[in-house]
Amino acid sequence: MTIRLDPDVADLLADTDTIKILATVGADGAPHAVVKQSIHLGEDGNIHYLERLESSVTNKNMVRSIWFNRTVAITLAHGDGRSVQIKGRPVKAHITGELFLRHYRAARAGDPEADLAAVWVIEPQTVTNQNARARREAEAALHPHFIHLDRLARA
Amino acid sequence: MVCVSPIRLRNEAPFTEVVAGHPEFPLLIALKIDVQRRGLNYTRRAMDAVDPARHQIYMWEGVAYPHSMLLRDGTTILAYPQPRDRNPYDVDFLDGRFVLIDGGEVVETVDLWPKPLYYDKKTRSGLPMKEVVSARPQRLDIFASSFCHFAHVDDQGCQFCPLPHHHSQLRETYDLPTRLKSEDVKECIAEALKETGRFTNIHITGGSVIKGHEMLDAELDYYIKLLRAIGELFATPRFPSQLLASPFSEGQLIRLREQTGLGSYTSNIEVLDEARFNWICPGKAHHIGYREWKRRLVRAVEVFGRGNVGTGIVGGVETAPPHGFVSESDALRATLDEAEDLARQGVTTVHTVWAPQKGSKFHDLKTPSLDYFIRLASGLQAIRARHGLSVDFDDYRRCGNHPDSDLARLQ
């Protein structure tokens, strides 16, 4: 189910210090996770990323995902401890048109060697808070058996 | 399986049933094929939503309509309006989006091809630039000559081909020369290149011209002149480009390679079966011959290199009655066997989807089944992958008219 990203996630996406990793899956089921700093919140409320290379493994995996309705995962991690994982589905690849050309010109303005293969649109479906404290608290609440006894012993 | 018959009404398995039999085949590419084979009908609402300032408009047989579409994965659908008895898909405009409709159900959203800026300009000689160099989503198209010796002199044109008829009409309408002048083409491309990010390839084609000191020299000389003029616009000795031309001899191919910046070479054999080739392409058979055509393609690999030479077939036309294959299985086996033979020698084969058009001798026939085209596209791409052949110069983005090379996005 498509969701709307809340402002905290939007802030994390907009922060240039956030590390952004896109994980896709190949034909053989092998995961492929790479840093994609171009990941950002699009004007349509979806996540957009700029694929620079037509023949990259990620681009092929994205094509496979849009063709066979597969999920991709995006991890956002910030030095201040904020971290989320977004799962979503690629729903569109802009290979021409106004949005594509706008990003192409911006990419070229920043790097004269840059090219652009596609602007991918990923529709977010779930967001999981990956902050260590938040994950620990969630596990304690949902799985009270998953703990070493010494952590519960009297001092 | 039984293939085409001249009856017009369809009695076919529904789309969902056919694609369910091919779970490894992308639904969007199957849809592209089905739209191409059945054609389109733009609703009044869709036509009202077409914006001539933003969308490309094309004329075919006196009818103006949007020049093709993009699916959401970037796949191009080049399709033509077809009459109701061919059960075309409808294109409608609902909730601010163009949509494809089949049997009253919305099946996909689509984008119309965007119009480049240069389309509103004219050459210094007064020609509308859009008629000299047309545009696909990422490609510049030059239909250099409407004259085809096989069709116009010998009356032995390829029986499926409406292009000489169609381009003669266009040239009359816009007062274009039969053969475009290289300075006009160069001027249009120079203008198009100002649109950064808009194009990745230049495609040149035209009818066959057999005259010359050596057969086809006149055609070759023209293309060399044209390519050299275009080459002046680039800082590199070679530029991404595809010439789709007659099958030149080895000496001619060497001249083409050495005297121009051409990136790839294609010569369409159209039908991968000698007997059907002789019937469907009588001019090509008479002047060149099936086996010589294949030999010339293989020689082209020595000149242009593996991955830079291709041939095109009109997928499905090999089943045309009365002399085509009677069974789709036989047609598929014959076609793929020949494609494999070419691939072994470095030539890649791509197919278009045969959709009989007005202006061609086969205009009244029917295409084969969707199942046939799915098997053909899968088979050709599997051959390419098996032989490690790329089709970068003729893929979903550089061309967009070959379902099999759409599949190469995963190769």
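The values are calculated or read from the model by the stated rules, or taken from the named source; none is laboratory data. Every value quoted in this text rests on a predicted model; they were computed, and no experiment measured them. So basically every Cβ, Gly included, is an ideal-geometry build from the backbone, and we count neighbours across all protein chains shown.
Key figures
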read-out: Subset of the stretch B:228-244 [within 16 Å of B:Phe304 (Cβ to Cβ), aliphatic (A, V, I, L, M) and touching a helix residue (DSSP H, G or I) at 6+ places or on another chain (Cβ under 8 Å)]; value: B:Leu243
read-out: B:Asp392, sole failed condition from (1) among the acidic types (Asp, Glu); (2) under 18 Å from B:Leu31 (Cα atoms); (3) within 13 Å of another protein chain (Cβ to nearest Cβ); value: (2)
read-out: Index of the failed condition, B:His67 passing every other in (1) within 14 Å of chain A (Cβ to nearest Cβ); (2) closer than 24 Å to A:Val121 by Cα; (3) buried (at least 17 other Cβ atoms within 10 Å of the Cβ); (4) not hydroxyl-bearing (Ser, Thr, Tyr); value: (2)
read-out: Among the candidates A:Gly79, A:Gly97, residue that is out of contact with any Lys or Arg (no Cβ under 9 Å at 6 or more places or on another chain) and at the interface with another protein chain (Cβ under 10 Å from one of its Cβ atoms); value: A:Gly97
read-out: Only one of B:Pro23, B:Pro52 that is within 14 Å of chain A (Cβ to nearest Cβ) and either at pLDDT 95 or above or not in a strand (DSSP E or B) (or both); value: B:Pro23
read-out: Selection status of A:Glu98, under 14 Å from B:Arg198 (Cα atoms) and out of contact with any Gly (no Cβ under 9 Å at 6 or more places or on another chain); value: yes
read-out: Search result, residues across the stretch B:63-99 that are touching a residue at least 60 places away in the same chain (Cβ under 8 Å) and over 22 Å from the mean Cα position of the chain (by Cα); value: B:Asp85, B:Asn87
read-out: Single condition B:Ser168 does not satisfy, out of (1) without any contact (Cβ under 8 Å) to a residue 60 or more places away in the chain; (2) closer than 16 Å to B:Phe239 by Cα; (3) under 22 Å from the mean Cα position of the chain (by Cα); value: (2)
read-out: Extreme residue, farthest from the chain's Cα centre (by Cα), among residues of the stretch A:117-146 that are in contact (Cβ under 8 Å) with a residue 60 or more places away in the chain and either within 9 Å of another protein chain (Cβ to nearest Cβ) or assigned to a loop (DSSP other than H, G, I, E, B) (or both); value: A:Ala117
read-out: All helices (runs of 4 or more DSSP H) inside the stretch B:328-411 with 1 or more residues being at pLDDT 95 or above, hydrophobic (A, V, I, L, M, F, W, C) and in contact with a His (Cβ under 9 Å, 6 or more places away or on another chain); value: B:328-344, B:370-386
read-out: Evaluation of A:Ala114 against (1) free of Cβ contacts under 8 Å to residues at least 60 places away in the same chain; (2) surrounded by fewer than 16 Cβ atoms within 10 Å (Cβ to Cβ); (3) among the hydrophobic types (A, V, I, L, M, F, W, C); (4) within 14 Å of another protein chain (Cβ to nearest Cβ) (one fails), failing number; value: (1)
read-out: Residues satisfying the stated conditions in the stretch A:60-76, i.e. closer than 28 Å to B:Pro137 by Cα and either of a type in the set (Ser, Thr, Tyr) or more than 8 Å from chain B (Cβ to nearest Cβ) (or both); value: A:Asn61, A:Met62, A:Ser65, A:Asn69, A:Arg70, A:Thr71, A:Val72
read-out: Some residue of the stretch A:18-27 being assigned to a loop (DSSP other than H, G, I, E, B), under 30 Å from B:Val110 (Cα atoms) and either over 10 Å from the mean Cα position of the chain (by Cα) or in contact (Cβ under 8 Å) with a residue 60 or more places away in the chain (or both); value: yes
read-out: Any chance B:Ile101 is out of contact with any Phe, Trp or Tyr (no Cβ under 6 Å at 6 or more places or on another chain) and under 18 Å from B:Pro66 (Cβ atoms); value: yes
read-out: Contacts under 9 angstrom Cβ, first residue in the stretch B:290-302 being in contact (Cβ under 8 Å) with a residue 40 or more places away in the chain, partner surrounded by fewer than 16 Cβ atoms within 10 Å (Cβ to Cβ), 6 or more apart; value: B:Lys294/B:Asp341; B:Arg296/B:Glu250; B:Arg299/B:Glu250; B:Ala300/B:Glu250; B:Glu302/B:Glu250
read-out: Members of the stretch B:183-227 that are free of Cβ contacts under 8 Å to residues at least 24 places away in the same chain and within 14 Å of chain A (Cβ to nearest Cβ); value: B:Thr196, B:Gly197
read-out: Verdict on A:Lys87 being touching a Pro at 6+ places or on another chain (Cβ under 8 Å), in a strand (DSSP E or B) and either more than 10 Å from chain B (Cβ to nearest Cβ) or within 22 Å of B:Leu407 (Cβ to Cβ) (or both); value: yes
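Listed here are the residues, each with its yes/no results for (1) touching an Asp or Glu at 6+ places or on another chain (Cβ under 9 Å); (2) surrounded by 15 or more Cβ atoms within 10 Å (Cβ to Cβ); (3) on the phi > 0 side of the Ramachandran plot.
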site	(1), (2), (3)
A:Ala14	no, no, no
A:Lys20	no, yes, no
A:Val25	no, yes, no
A:Val34	no, no, no
A:Asn46	yes, yes, no
A:Tyr49	no, yes, no
